[in-house]
Amino acid sequence: MKNLENQIFRFEPFCEVEAKDREYMLEALELERDLLIRYNLMHFTSSAFVVNPNRDKMLCVYHNIYQGLIYPGGHADGESDLLSVAVREVTEETGVKPRVLSDDIFGLTVNPVSGHVKRGEYVSGHTHLDLIYLMECDEDVLLKYNPGESSDVCWLPFSEAYGDKVVDYMRPVNSRLIMKLDLLGK
């Protein structure tokens, strides 16, 4: 957990939202144990902002629980190497093996998750402490979704990253990630 804490500490926030979310994560790491286990009311998740080589589209899955498009990601489930978790989740959810563009955290967000039913069982509301890593993949690769979690996988143009098809709470996150990517230059 110390390595994870160091990564989050070194993360340079892009805006006030990321600064506050980073502070929240660091405080949570001080106060809580087992934040890598999904059964806690607050736990780490890891996601990937996978872009095409032209850097004008992002890889998304249509998430069945959230009923909208979201970038690939998932629970740490005890693993402290959250970059590896993000790569694994991309492969499981989209069928592709992405190229990691940086080992550093690209973005982070604290997301409340409403109570819902998953695989016939009720899951209480909780909080995801989500670390986001920057990756790339060619657009012409064969995409396949994981029917246990999603019902589609697609390349979403950045111009549609804030639209009605996207999970509500992800729209401002997408905006931040796209702005950060633009600052890196194409």
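For segment 1-41, place one equal point scatterer on every Cα, skip the solvent, and apply the Debye formula. What is log10 of I(q)/I(0) at q = 0.13, 0.15, 0.28, 0.34 Å⁻¹?
Taking Cα atoms of segment 1-41 as identical point scatterers yields -0.28, -0.37, -1.00, -1.16.
Under unit Cβ charges (Lys, Arg +1; Asp, Glu -1), what dipole magnitude, rounded to 20 debye, does the chain have relative to its Cα centre?
Dipole about the Cα centre, nearest 20: 180 debye.
Give me the Kirkwood hydrodynamic radius of the chain in Å, from all C-alpha pairs, to one decimal place? If you can, show how the numbers build up before the last one.
Values: mean 1/r = 0.0604 Å⁻¹.
One decimal place: 16.6 Å for the Kirkwood radius.
Could you give each residue of segment 13-26 its phi-based ³J(HN,Hα) in whole Hz, using Karplus coefficients 6.51, -1.76, 1.60 with θ = phi - 60°, and x for Gly or Pro?
x, 7, 7, 4, 4, 5, 4, 5, 5, 4, 4, 4, 5, 5
If I take every Cα pair under 8 Å that is 6 or more residues apart in the chain, average their sequence separation and divide by the length, what percent do I get for the relative contact order? Walk me through the numbers on the way to the answer.
Details: 361 pairs, mean separation 47.1, N = 186.
For the chain, the relative contact order is 25 percent.
What is the diffusion coefficient of segment 79-186 in µm²/s, taking the Kirkwood radius over Cα pairs and the Stokes-Einstein relation at 20 °C with a viscosity of 1.002 mPa s?
Values: Rh = 15.7 Å.
Approximately 137 µm²/s, per Stokes-Einstein.
Which value, in Å³ per residue, describes the convex hull spanned by the Cα atoms of segment 94-145?
Working: hull volume 5.7 nm³, N = 52.
Expressed per residue, the convex hull around the Cα atoms of segment 94-145 is 109 Å³.
Would you mind telling me which residue in Arg119, Arg33, Arg171 has the biggest mean-square fluctuation in a Gaussian network model of the chain, where springs connect alpha carbons within a distance under 10 angstrom?
Among Arg119, Arg33, Arg171, the largest mean-square fluctuation in the Gaussian network model of the chain belongs to Arg119.
How large is ³J(HN,Hα), in whole Hz, for each residue of segment 83-88 in order, when computed from phi with the Karplus curve 6.51 cos²θ - 1.76 cosθ + 1.60 and θ = phi - 60°, using x for Gly and Pro?
Karplus values, whole Hz, x for Gly and Pro: 5, 4, 4, 4, 4, 4.
Test of understanding: given the chain, find the longest segment containing no chymotrypsin sites (Phe, Trp or Tyr not before Pro) that are in a DSSP loop and have at most 16 other Cβ atoms within 10 Å.
It works out to 40-161.
What nm value, rounded to one decimal, do you get for the distance between Glu12 and Glu136 when each label is placed 7 Å out toward the C-beta?
2.0
When the chain is fully extended, how far beyond the present Cα-Cα distance does Glu23 get from Lys144, taking 0.36 nm per residue of separation?
Residue separation times 0.36 nm, minus the Cα-Cα distance, leaves 39.9 nm.
Each reported figure results from applying straightforward, stated rules to the coordinates on display, with no laboratory input. Every value quoted in this text rests on a predicted model; they were computed, and no experiment measured them. Heads up, the Cβs are rebuilt from the backbone with ideal geometry, glycines too, and the neighbour counts pull from every protein chain shown.
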